[in-house]
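One structure is given here, and the rest of the page talks about it.
The values are calculated or read from the model by the stated rules, or taken from the named source; none is laboratory data. Treat the numbers as computed from the prediction; the structure is a model and nothing was measured. All Cβ positions, glycine included, derive from the backbone under ideal geometry; neighbour counts span all protein chains shown. With ligands, DNA and RNA removed, areas are computed over all heavy atoms of the protein, side chains included. Shrake-Rupley method; radii C 1.70, N 1.55, O 1.52, S 1.80 Å.
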Amino acid sequence: MRRRTWVAAPGALILLAACLLVYHAASRNDAVTVEERERRLQEAMPDGSWTIVHETEVEGYLLSGARGGRGQSALAVFEPIGGGRYQLREAVSHGAGVITNNVRIQDTWYDVIWFGGAVTEYAEVSYVVGRESQGPYRYDTSEMEVICRPAPANEYSISAAYYDGEGTQYQ
């Protein structure tokens, strides 16, 4: 009888550990895959059926450009929480058109820019700091990349325009 108890105890512990792992995996609110991040975006902004088109990594954070079912665009910031997992930190949508947002990652403010309305070849980003113009800074957007650049100052204005192969401008 003692022998049977000795064999059953480790088996029960293994079964208990497996149940805890399954429960933990089912109840996690992290976003490991693109599909999970799309689900988090849908929960945060239920007015669109969101599909992540492109993601850019900055200091471990994922900056996601997404398209909605009604032609709207969104930018989402996913913060790393360890183990390849992310949580949605913020998301913005301004309908159709170019989206710009400021996000603080670590100790740096970044300008995040994305346009998902049409296939474009490049974007130009310009700043006015004080009375001085800076730029335009040109970016290849043929893969619909999310543009991210450090903010040039504490106070400034920004403009971003996208261009397709025929020179059509989108703002």
Which numbered condition trips up residue 88, out of (1) open to solvent by less than 40 Å² (accessible area, probe 1.4 Å); (2) at pLDDT 95 or above? (1)
Of (1) at pLDDT 95 or above; (2) among the hydrophobic types (A, V, I, L, M, F, W, C); (3) farther than 18 Å from residue 160 by Cα, residue 50 satisfies all except one. Which? (1)
The listed residue being more than 20 Å from residue 169 (Cβ to Cβ) and part of a helix (DSSP H, G or I), out of 57, 79, 90, 43: 43
Residue tally, condition acidic (Asp, Glu) and over 17 Å from residue 31 (Cβ atoms), over region 63-114: 2
Can you confirm whether residue 150 is modelled with pLDDT of 95 or more, closer than 21 Å to residue 59 by Cα, open to solvent by 30 Å² or more (accessible area, probe 1.4 Å) and in contact with a Ser or Thr (Cβ under 9 Å, 6 or more places away or on another chain)? yes
Subset of region 97-123 (residues that are open to solvent by less than 50 Å² (accessible area, probe 1.4 Å), of a type outside the set (Ser, Thr, Tyr) and assigned to a strand (DSSP E or B)): 99, 101, 103, 105, 111, 112, 113, 114, 123
